[in-house]
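Input: a single structure, listed below in structure tokens.
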Amino acid sequence: MNKKEVKYWNHFYDNFTVQESSDFSKFVMDYFKNYHLDKILDAGCGNGRDSFFFSKKYKVTGMDNSLELENRDNFEFILSDFVNADKKNFDIIYSRFTLHSIMDDEQEKFIKSIYPDTYLCIETRSIKGKDDFRHHGDNHFRNFTDINYLQKLLEDNNFQILYIKEDKDFAIYKSENPICIRVICQKK
């Protein structure tokens with residue numbers, strides 16, 4: 001992420017606080033409710049709201065390069081770039097609204113850096129919604145995701161797709177209801 005984007009997200013989180021966990025975090029928690037997993041990396045955790053939610057059941061590391069979290073009593077926070085970070089020893093890599101914040105080459109690097117047997121959970125904005133209304137505007141970078149590109153990228157990097165869906169009603173915020181893609185997969 002370039003300095004302009006880091007500055008945007010620092011300003012965003014200084015002026016916007018959401019404490020309730022996302023619908024995607026609840027979806028992921030429910031999906032894995034009968035699995036015996038221990039550690040989650042929240043890649044691009046923002047203000048840590050989903051990290052905090054997951055910390056009720058898992059050991060969580062939240063990672064973001066845009067701000068230093070002050071209140072992180074229940075999980076570890078690392079100020080770093082999630083694309084290049086070591087992802088060893090995590091059972092789940094959680095990526096909500098982060099894949100569409102990086103370029104294609106960074107997406108490939110991120111996907112390739114995940115270790116075998118690790119689950120990857122992605123929620124990203126679909127290219128099908130690139131012209132839809134966005135509550136927070138268009139003054140920051142978005143690399144809208146094509147579901148076919150994402151599926152091929154995952155399969156080419158030895159991921160077994162367990163769940164994939166592209167639809168509305170995943171990430172409703174005020175008057176915004178973007179088309180998103182949700183994926184749960186595991187690296188083989």
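No lab work stands behind these numbers, since they all come straight from the coordinates. On a predicted model such as this, the values are computed, not experimentally measured, just so you know.
Using the Karplus relation 6.51 cos²θ - 1.76 cosθ + 1.60 with θ = phi - 60°, the per-residue 3J(HN,Hα) values for the range 147-159 come to 4, 5, 4, 5, 4, 5, 4, 5, 5, 5, 10, 6, 9 Hz, with x marking Gly and Pro. Close amide-amide hydrogen proximity is noted between Phe159 and Lys188, each under 5 Å apart and 5 or more residues distant or on a separate chain (H modeled in the peptide plane; Pro and chain starts excluded).
Quick check on my link table: of Lys59/Lys88; Lys26/Lys88; Lys87/Lys112, which ones sit more than 18 Å apart, alpha carbon to alpha carbon? Write out the running numbers ahead of the final one.
Details: Lys59/Lys88 14 Å; Lys26/Lys88 24 Å; Lys87/Lys112 10 Å.
From Lys59/Lys88; Lys26/Lys88; Lys87/Lys112, over 18 Å: Lys26/Lys88.
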